[in-house]
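Just so it is clear, none of the values below were taken in a lab; they were calculated from the coordinates. Quick caveat, the model's predicted, so the values are computed rather than measured.
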Amino acid sequence: MPPDNPGPNSTDGSPRIAHVGIAVESLAAILPFFRDVLGMAEVPMSDSDGARIAAVQSGESLIEFLEPAAPDTPIGKYVAKRGAGIHHICVAVPDIEQTLETCRSAGIQLIDEAPRLGAEGKRIAFLHPKSTGGILVELTEQ
Ligand code: ZN
């Protein structure tokens, strides 16, 4: 698959990492390092969930940076409490509704009961970290 249109699966057929979401205090402080020093291509993103979002390409995956748009947003509260760092991991699945149903059947607590549009304009849903070992997991359909 070409990097600009990666399918849901990695080369071994298992769901690939679509992106890793990192909470940051300032996009302006972090982007020049990844984009200009490391030479990673910036990918246009739209803002979502009270966060300003930027991303850089890393192979078939993205590194997504989330800057709080305001202190009283989920990312604002996260950064205030825990500081900058890895916020969530996003896994690409072929059929998000089917994966949500599989998660539901397995007793995984869902944050999003139904898919909604995410920052890349794709259908996404978050799973509750209480059910996933403390790790916030996002599913995306591609
Ligand atoms: Zn994400």
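Just a few scattered comments:
- Less than 5 angstrom separates the built amide H of LEU62 from those of HIS19, VAL20, all sequence-distant by 5 or more or on a different chain.
- Cα-based values for the stretch 16-141, radius of gyration first and Dmax second, are 14.5, 45 Å.
- For the chain, the 222 nm mean residue ellipticity estimated from helices alone, with every DSSP H stretch of n ≥ 4 adding -39500 (n - 2.57) and the total spread over all residues, rounds to -5000 deg cm²/dmol.
- Straightening the chain between ILE108 and PHE33 buys 23.3 nm, computed as 0.36 nm per residue apart minus the Cα-Cα spacing.
- Extension gain, ARG82 back to ALA69 (0.36 nm per residue minus Cα-Cα distance, nm): 3.0 nm
- Rounded to whole numbers, the Karplus 3J(HN,Hα) couplings from phi for the stretch 99-116 are 5, 4, 5, 4, 4, 4, 5, 7, x, 6, 6, 9, 7, 9, 5, 9, x, 9 Hz, using 6.51 cos²θ - 1.76 cosθ + 1.60 with θ = phi - 60°, and x at Gly and Pro.
- Amide H contacts for GLN142 (H built 1.01 Å from N in the peptide plane; partners 5 or more residues away or on another chain; cut-off under 5 Å): VAL93.
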